[in-house]
Amino acid sequence: MVLKKFGFLSFLISPLLVLADDRPNIVFLFSDDHAIKAISAYGGPLADVAPTPNIDRLAEQGAVFLNSFCGNSICGPSRATILTGKHSHKNGFMRNTAKGFDQQQWTVAKALQAGGYQTAVVGKWHLKSTPVGFDHWEVFPGQGSYYNPVYIQMDGSKKQFEGYATDLTSEKAIDWLKGRDQSKPFFLMCQHKAPHRTFAPALRHLGAFDEVDIPEPDSLFDDYANRSGTLAKNEMELDRHFDWAYDAKVRKDERGDVELPEPDRYGTPEYNRMTDAQKAVWDGHFGPHNELFLADFKAGKLDHRAVVRWKYRRYMRNYLSTVKAVDESVGRMLDYLDSQGLAENTIVIYSSDQGFFLGEHGWYDKRWMFEESFRMPFVARWPGVIQPGSRPAELIQNIDYAPTFLEIAGLDVPSEIQGRSLAPLFKGKESNWRESLYYSYYEFGEHAVPPHFGVRTATHKLIHFPKTNEWNLFDLVADPHEMRSVHDDSEYVKIREELTREYQRLREYYDVPQE
Ligand code: SGN
Ligand code: CA
């Protein structure tokens, strides 16, 4: 039974004995910047406040990977790694600012397509290239938009659709499934824009979290002491960088004579995209809230910290509202698979390109090797293979997805792939699993996060910041929120040496060029 599920036997015999190719289907549901803290199946302080019942349904019927990470916490690079099974320095897409994904190289989509799968990607692509290896694709230009978004069509034309990106993307994914060739297994990547900045909710979800108290992280007012000096130079603080109109949704034309402090640079591109009817719903929600805030601000009732707290609440209410539509979209897909009798022979994965800061360290955005942005959600259901309700704790990474898909499809894994198939973990324990992860971040632009590289084990994390030649070491057991580097503490000499050796070993193992 289990072997049949893994496909390779049936794949070998199928040309001889049976006409239909009954290898498992793969549905990869993916979002952008979804922190595990905003998924109730992962638990944590927001689980009761902002439940995600549909992702949780997947979790209950499958596995929640508790220690799932990316290799480079930024969008394009994470996607390139998923497609290639390789770290950024090997697939060449090291930064969002990279020229374009090298389409000549091997990808798992090409391999699945050549191996008899029908392949499709809809939604966010963000690799500055036309998808290849897909029988069908319909993707956003660049980051895409939340309201009335444009999708690039396969003939290269651009077409605008009225509605909300998350809803439209899942409709398009399901429509493709409806019209597919039923004699072949399929690989579908359904990739949402949400909950990416500017955190713009479906209009039906505006106000969904107005009545709940959203707990604040302890480090909302982090002073960045006892860690790399580069932290204080960041440009991703709710306090100093969260834009008033763009992020906080207080438009200039709503402010009367109230002067808000900087920053206020980017305007309201999402609002500008809406129809008058849509704008009226938006204004009906934000208008009265903004009026109250501006009155309090003008009356001097809000000190500096109160303003940061207000921004935090505004940020979280919008972010969690965008997650609500993503969660509904997961539910729609699961319902569709159930209704078609496809659930049994389909592995469904929910993941996101990296994590995100939800006020920890005073931040929004990602990029740092700190836990909140380094982690990727990974929830997977595969009836008959993955034990329902399981919570594997092994260290997994996005380099592992491509070899996993190949093993599911019964295809060979090329030797240059750097990740490992997760299939053994699906079945239970694997005694010989990795004990450390390598991390790299190369971009140095928006949000002012410097390049840094590191290693993480189950209990510790070592980070190197080459520009300032600083090293930070975190004891993740004693200091899970990474508030103090123990790199120079005498009690940590042994661990520091071990981790330094492991870091060098991983760099050699993954064939990383000299810094
Ligand atoms: C945009 C955002 C950034 C975000 C990057 C990368 N700015 O540039 O805040 O860090 O995307 O995000 S925005 O003004 O365009 O919203 S990523 O997920 O694509 O890597
Ligand atoms: Ca992202």
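The values are calculated or read from the model by the stated rules, or taken from the named source; none is laboratory data. Treat the numbers as computed from the prediction; the structure is a model and nothing was measured. Note: ideal-geometry Cβ built from the backbone for every residue, glycine included; neighbour counts use all protein chains shown. These area figures cover heavy atoms from the full protein model, side chains too; ligands, DNA and RNA do not enter into them. Shrake-Rupley method; radii C 1.70, N 1.55, O 1.52, S 1.80 Å.
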Original post:
Which percent, to the nearest 5, of DSSP beta bridges fully inside the chain are antiparallel?
Top reply: 50 percent
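Any idea what % of Cα-Cα pairs in region 369-508 are farther than 22 Å?
48 percent
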Original post:
So, counting K/R as plus one and D/E as minus one, what does the shell of residues with Cβ under 11 Å around A306 add up to?
Top reply: +3
Original post:
How large are Rg and Dmax for region 223-359 when only the alpha carbon atoms are used, in Å?
Top reply: 19.7, 61
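Report the antiparallel proportion of the DSSP beta bridges in region 421-512 as a percent, rounded to a multiple of 5. Intermediate values should be presented prior to the final figure.
Values: 15 of 16 bridges.
Roughly 95 percent of the beta bridges in region 421-512 run antiparallel, per DSSP.
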**OP:** Return one quarter of the surface area of the convex hull spanned by the alpha-carbon atoms of region 451-509, equal to its mean projected area, in nm².
**Re:** 4.2 nm²
Subject >> For region 308-440: span of alpha carbons on each principal axis (Å, largest first) >> reply: 51, 41, 25
**OP:** Determine the alpha carbon to alpha carbon distance for each of K324/K366; K37/K298; K37/K159; K37/K461; K124/K366 and list only those over 24 Å.
**Re:** K37/K298; K37/K159
**OP:** Go from 0 up to the bin containing the longest alpha carbon distance in the chain, width 10 Å each, and give me the % of pairs per bin.
**Re:** 4, 19, 30, 27, 15, 5, 1, 0
Original post:
In region 451-509, carbon and sulfur make up what percent of the accessible area (probe 1.4 Å)?
Top reply: 51 percent
**OP:** Can you tell me the order of 341-353, 173-185 when each peptide is scored by its average per-residue count of other Cβ atoms within 10 angstrom, highest first?
**Re:** 341-353, 173-185
Subject >> Estimated 222 nm signal from helices in the chain, with DSSP H stretches of n ≥ 4 weighted -39500 (n - 2.57), rounded to 500 >> reply: -9500 deg cm²/dmol
Subject >> Under Karplus coefficients 6.51, -1.76 and 1.60, residue-wise ³J(HN,Hα) of region 232-240 in Hz, glycine/proline x >> reply: 5, 8, 4, 10, 9, 8, 4, 5, 9
**OP:** Mind checking which aspartates and glutamates have their Cα closer than 14 Å to the Cα of K467? Skip sequence neighbours fewer than 8 apart in that chain.
**Re:** E443, E515
Original post:
Between region 72-150 and region 244-302, how many Å separate their Cα centres?
Top reply: 35 Å
Original post:
With each label point set 7 Å from Cα along the Cα-Cβ vector, what nm distance links K99 and E508?
Top reply: 3.3 nm
Original post:
Computed over the Cα atoms of region 73-189, what is the convex hull's projected area averaged over all directions, in nm²?
Top reply: 7.4 nm²
Original post:
Using only the Cα atoms of region 7-142, what do you get for the radius of gyration and for Dmax, in Å?
Top reply: 17.7, 54
**OP:** Report, for region 81-162, the % of DSSP beta bridges that are antiparallel, rounded to 5.
**Re:** 50 percent
**OP:** Quantify how much of the Cα-Cα distance distribution of region 431-479 extends past 11 Å, in percent.
**Re:** 70 percent
Original post:
Percent of accessible area on region 149-302 owned by carbon and sulfur, 1.4 Å probe?
Top reply: 47 percent
Original post:
Which whole-number percent gives the relative contact order of the chain, counting Cα pairs below 8 Å spaced six or more residues apart?
Top reply: 25 percent
**OP:** Could you tell me which of L462, S490, P451 has its Cα farthest along the dipole of region 451-509 towards the positive end, charges placed at Cβ (Lys, Arg +1; Asp, Glu -1), taken about the Cα centre?
**Re:** P451
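Could you report the chain's accessible area per residue, 1.4 Å probe, as an integer in Å²? Could the numbers behind the result be given before it?
On the way: 19950 Å² over 515 residues.
Averaged over the residues of the chain, the accessible area is 39 Å².
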